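All of the numbers you see were taken from the coordinates with simple rules; none came from a lab. From a predicted model like this one, the values you see are computed outputs, not experimental measurements. FYI the Cβ positions are ideal-geometry reconstructions off the backbone, even for glycines, and counts take in every protein chain you see.
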Amino acid sequence: MRAGQVPDRALPTHRLALNELPAQFERLLDPAEGVIKALVEC
């Protein structure tokens with residue numbers, strides 16, 4: 001990543017608002033969802 005070879009902007013696979021986190025938390029932990037990196041926006 002430091003060398004710029006990994007596109008860090010492409011890593012978040014899921015985005016959600018902070019207020020959605022409690023309801024979506026279990027879904028984010030489900031391997032079937034394919035979550036690599038979830039971005040929680042405040």
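Measuring nothing but alpha carbons in the chain and taking Rh as the Kirkwood radius, the Rg to Rh ratio lands at 1.06. Per-residue extension of 0.36 nm, minus the Cα-Cα distance of residue 41 and residue 15, leaves a gain of 8.6 nm for this segment. The phi torsions of segment 29-37, fed into the Karplus equation with coefficients 6.51, -1.76 and 1.60 and a -60° offset, translate into couplings of 8, 6, x, 5, 6, x, 6, 9, 8 Hz, rounded to whole numbers, with Gly and Pro shown as x. Think of the chain as having a plus end and a minus end, set by charges on the Cβ of Lys, Arg, Asp and Glu; of 17, 29, 3, 3 sits farthest toward the positive end of this dipole. Backbone phi angles across segment 9-26, fed through the Karplus curve with coefficients 6.51, -1.76 and 1.60 (θ = phi - 60°), yield HN-Hα couplings of 6, 8, 5, x, 9, 9, 10, 7, 7, 4, 5, 8, 4, x, 6, 9, 4, 4 Hz in residue order; Gly and Pro are listed as x. Around the Cα centre of the chain, unit charges on the Cβ atoms of Lys, Arg, Asp and Glu (plus for the first two, minus for the last two) sum to a dipole of about 240 debye.
Seen from residue 27, the other residues with C-beta closer than 11 Å to its C-beta sum to a net charge of -4, counting Lys and Arg as +1 and Asp and Glu as -1.
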